[in-house]
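The values are calculated or read from the model by the stated rules, or taken from the named source; none is laboratory data. The shown structure was predicted, so the numbers you read here are calculated from the model rather than taken from an experiment. Ideal geometry is used to build each Cβ from the backbone, glycine not excepted, and the neighbour counts take in all protein chains shown.
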């Protein structure tokens with residue numbers, strides 16, 4: 001059995017893949033803790049309805065065996081219960097949930 005050692009979970013950061021042929025070696029990615037995503041949604045007035053961390057496809061698991069052990073995708077469905085008016089919780093365009101709603105194809 002192969003094991004994948006995961007380090008630096010608590011260090012939120014931008015990272016680049018060591019695979020020179022991978023997309024993340026060219027455009028990077030940003031690591032965030034699960035609690036950061038959930039707390040940001042909560043602060044913006046969202047309530048969690050469902051969260052999924054699907055496993056890899058057979059092809060993906062074959063290409064990157066470590067993906068069998070650590071989820072690489074987090075899907076969240078949340079609903080807006082209240083709109084935040086606290087300026088400290090608003091994003092740059094002034095709507096705390098607009099980007100999340102657009103990304104999930106939720107109505108405004």
## Note on the structure
With the first residue restricted to the range 34-54 and required to be at positive phi and modelled with pLDDT under 90, and the second required to be part of a strand (DSSP E or B) and loosely packed, with under 13 Cβ neighbours inside 10 Å, Cβ contacts under 9 Å at 6 or more apart or on different chains are none
### Query
Can you name every residue in the range 14-30 that is surrounded by 10 or more Cβ atoms within 10 Å (Cβ to Cβ) and out of contact with any helix residue (DSSP H, G or I) (no Cβ under 6 Å at 6 or more places or on another chain)?
15, 22, 23, 24, 25, 26, 28, 29
### Task
List every residue pair whose Cβ atoms sit under 6 Å apart, with the two residues 6 or more apart in sequence or on different chains, where the first one lies in the range 3-22 and is more than 18 Å from residue 63 (Cβ to Cβ) and the second, anywhere, is exposed (fewer than 10 other Cβ atoms within 10 Å of the Cβ) and modelled with pLDDT of 80 or more.
14/30
### Query
If you scan the range 72-88, which residues turn out to be loosely packed, with under 14 Cβ neighbours inside 10 Å and either within 19 Å of the chain's Cα centre (by Cα) or modelled with pLDDT of 60 or more (or both)?
72, 73, 74, 75, 77, 79, 81, 82, 83
### Message
Residues that are exposed (fewer than 11 other Cβ atoms within 10 Å of the Cβ) and under 14 Å from the mean Cα position of the chain (by Cα): does the range 31-41 have at least one?
### Response
yes
